[in-house]
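The values are calculated or read from the model by the stated rules, or taken from the named source; none is laboratory data. Keep in mind the model is a prediction, meaning the values are calculated, not measured. Cβ placement follows ideal geometry from the backbone for every residue including glycine, while neighbour counts extend to all protein chains displayed. When the accessible area is computed, the model is the full protein with side chains, heavy atoms only, and any ligands, DNA or RNA have been set aside. Shrake-Rupley method; radii C 1.70, N 1.55, O 1.52, S 1.80 Å.
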Amino acid sequence: MTKRTKLLIIIASCAYAIAWYLVTQYAAQAYVNSRFDAQKEQARQQVSLAKSTFEAIIFKDIYLADSLATVVNIEPQFAIDNWESISAKLMAQSTHVRNVAMAPDDTIQFIYPLAGNERALGFEYQSRPEQFASVMTAKRTGSLVIDGLLTRWGQPPRFAVVNVDLNRFKKVNDDLGHDAGDELLKHIANHMLSRVRATDFVARIGGDEFIIVLGRVRDEAAIKRFVEKLKIDIERTPLEYHGELIYPSLSIGYSIADGNKTREALLSEADRDMYAMKLAQRTELS
């Protein structure tokens, strides 16, 4: 075999190896992209389901409360004479109503259940300006008011989408193994579930990413407090794994639904907000 022939074989072998490497890298990246797109689509479906479920629950409770208000307005004496039976029936059908009260002249004179709520009898709404403002809004508009938010059919209380990303997750997998990474994900998921309400929704949407759907959002300040407390609580609670303490690090973003944003816009806004926190944290460490 001549030197020229050997050189051509070597060149061909190198070209083949490079081509094979590029093809496998392209295939691997295409697979990762397809998995990521599938996870994002699943997240959008989960947000849509959570939103629909939340709205259905809220609408049912709104309808029940509005029905009681109608009875009180039309037949006030009948409502007084049958207060306990009417209230008990409403409570049995409602998902989230814990007690109901009737306040002639803006003073609570009837409440159900009475046990545990005795101190509320005689409460004057005018003594609490923030609550009295909601009472006046309800009187002025003739609409139901929940947590200070004017509520009509088609305009349920706002909700928020919170995007939670685990920082340096790859390092945990590389240094301690994938079993340690799995335990860390469970550790964080359990802590998140313990810090949300029964009406909220938590889901994992990626390798190291979660979303939380928070219903009954009062204002942005409340969401910020939730995000700050969630981050602090979880980061201060390490996972003990085979004698090692693994301290989680989170980047969290959020977006508040205002009735105008699409599901895609909500997820994208929460994602951008999360990356802004991640970048800020990297800048602080550099």
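Scanning region 117-126 for residues that are open to solvent by 50 Å² or more (accessible area, probe 1.4 Å) and closer than 17 Å to residue 83 by Cα gives 118, 121. Only one of the numbered conditions (1) touching a Pro at 6+ places or on another chain (Cβ under 7 Å); (2) at pLDDT 90 or above; (3) crowded, with 17+ Cβ neighbours inside 10 Å; (4) not β-branched (Val, Ile, Thr) is violated by residue 247, and that is (3). Would you check if there is a residue in region 231-239 being closer than 20 Å to residue 159 by Cα and touching a Lys or Arg at 6+ places or on another chain (Cβ under 9 Å)? No - not one qualifying residue is present in region 231-239.
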